[in-house]
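**Student:** Structure incoming, see below.
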Amino acid sequence: MELSDESVVNVNLGKNVRIAKFVNIYGCSLGDNSRVGPFVEIQKNAHIGANCKIQSHTFICEGVNIEDDCFIGHGVTFINDRYPRSVNNNGGLQSEEDWELIPTVVKRGASIGSGATIMCGIVIGENAIIGAGSVVLKNVEAGAIVAGNPAKFIRGIDE
């Protein structure tokens, strides 16, 4: 493991993981041989598989599960709450009890282009490709290429 930042707290790291400076990673897991670029945040209860590349300025929130061999481009944002609010019904700041975490899964070998936004509660299929800048609001089939806002099916990888 090559660790170059003090902002890595309570993380389960596999072998040969490389983490750049200026990251905020806590309470999550990263599989063998994965790499994390600078200015990335990976929150608690997120999982990154083996052989993944997480590029700079990406936000991976609680409840995201990225399987092995995935590529996550620069500035990708994951969402885990469909109805975010600052305060609860009593007017106080929300706590973990005040909202529902909705998990997201990125299956093995998928690639997500830079600047994409991934809505919660979806599955991105094996070897799928998400175009740069896309807003993904629904499941993506295995081997599909999708792009746009909202992301739409472009073609299969083998076509």
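**Student:** Could you go through segment 93-101 in sequence order and give the Karplus-derived ³J(HN,Hα) for each residue, using 6.51 cos²θ - 1.76 cosθ + 1.60 with θ = phi - 60°, rounded to whole Hz, and x for Gly and Pro?
**Tutor:** So the Karplus estimates, Gly and Pro as x, are 4, 4, 10, 4, 6, 9, 8, 9, 6 Hz.
**Student:** Between segment 63-79 and segment 134-151, what is the separation of their alpha carbon centroids in Å?
**Tutor:** 14 Å
**Student:** What pairs in K53/K107; K15/K44; K53/K152 have C-alpha atoms more than 22 Å from each other?
**Tutor:** Those over the limit are K53/K152.
**Student:** With the chain treated as a Gaussian network of Cα nodes joined by springs under 10 Å, which of S95, S114, S134 yields the largest mean-square fluctuation?
**Tutor:** S95
**Student:** ³J(HN,Hα) across segment 37-53 via Karplus (A = 6.51, B = -1.76, C = 1.60, θ = phi - 60°), whole Hz, x for Gly/Pro?
**Tutor:** x, x, 6, 9, 10, 10, 8, 4, 6, 9, 10, 10, x, 7, 6, 9, 10
**Student:** Please say if the chain is rounded, prolate or oblate, where rounded means a/c under 1.5 for a ≥ b ≥ c the square roots of the C-alpha gyration tensor eigenvalues, and otherwise the choice is prolate for a/b larger than b/c and oblate otherwise?
**Tutor:** Taking the square roots of the gyration eigenvalues as a ≥ b ≥ c, the chain is oblate.
**Student:** Which residue fluctuates the most in the chain, going by a Gaussian network model with Cα springs under 10 Å, if the choices are V123, V87, V23?
**Tutor:** Of V123, V87, V23, the Gaussian network model singles out V87 as fluctuating most.
**Student:** If you place +1 on the Cβ of every Lys and Arg and -1 on the Cβ of every Asp and Glu, how big does the dipole about the Cα centre of segment 37-93 come out, in debye to the nearest 20?
**Tutor:** It comes to approximately 240 debye.
**Student:** Quick one: compute the contact order of the chain, relative version, from alpha carbon pairs under 8 angstrom and 6+ residues apart, as a percent.
**Tutor:** It comes to 13 percent, rounded to a whole number.
**Student:** How large is the accessible surface per residue of segment 114-159, computed with a 1.4 Å probe and reported in Å² as a whole number? Working shown, then result.
**Tutor:** Working: 2390 Å² over 46 residues.
On a per-residue basis, segment 114-159 sits at 52 Å².
**Student:** Still on this structure: Quick one: pull the percent of accessible area on segment 1-122 belonging to carbon and sulfur, 1.4 Å probe, ligands and nucleic acids left out.
**Tutor:** Details: 2910 of 6220 Å².
In segment 1-122, the share of accessible area belonging to carbon and sulfur is 47 percent.
**Student:** Dividing the convex hull volume of the alpha carbon atoms of segment 67-137 by its residue count, what do you get in Å³ per residue?
**Tutor:** It is 88 Å³ per residue.
**Student:** Can you tell me how much longer the chain between L93 and R155 gets when fully stretched, taken as 0.36 nm per residue apart minus their C-alpha distance, in nm with one decimal? Show your work: numbers first, answer last.
**Tutor:** Numbers: separation 62, 0.36 × 62 = 22.32 nm, distance 4.42 nm.
Value of the extension gain: 17.9 nm.
**Student:** Might you report the magnitude of the Cβ-based charge dipole of the chain about its Cα centre, with Lys and Arg at +1 and Asp and Glu at -1, to the nearest 20 debye?
**Tutor:** Details: 13 positive and 18 negative charges, 72 e Å.
Roughly 340 debye for the chain.
The values are calculated or read from the model by the stated rules, or taken from the named source; none is laboratory data. Everything quoted here is computed from the prediction, not taken from an experiment. For neighbour counting, all protein chains shown are included, and Cβ atoms are generated from backbone atoms with ideal geometry for every residue, glycine included. Surface accessibility is based on the protein's heavy atoms, side chains included, excluding ligands, DNA and RNA. Shrake-Rupley method; radii C 1.70, N 1.55, O 1.52, S 1.80 Å.
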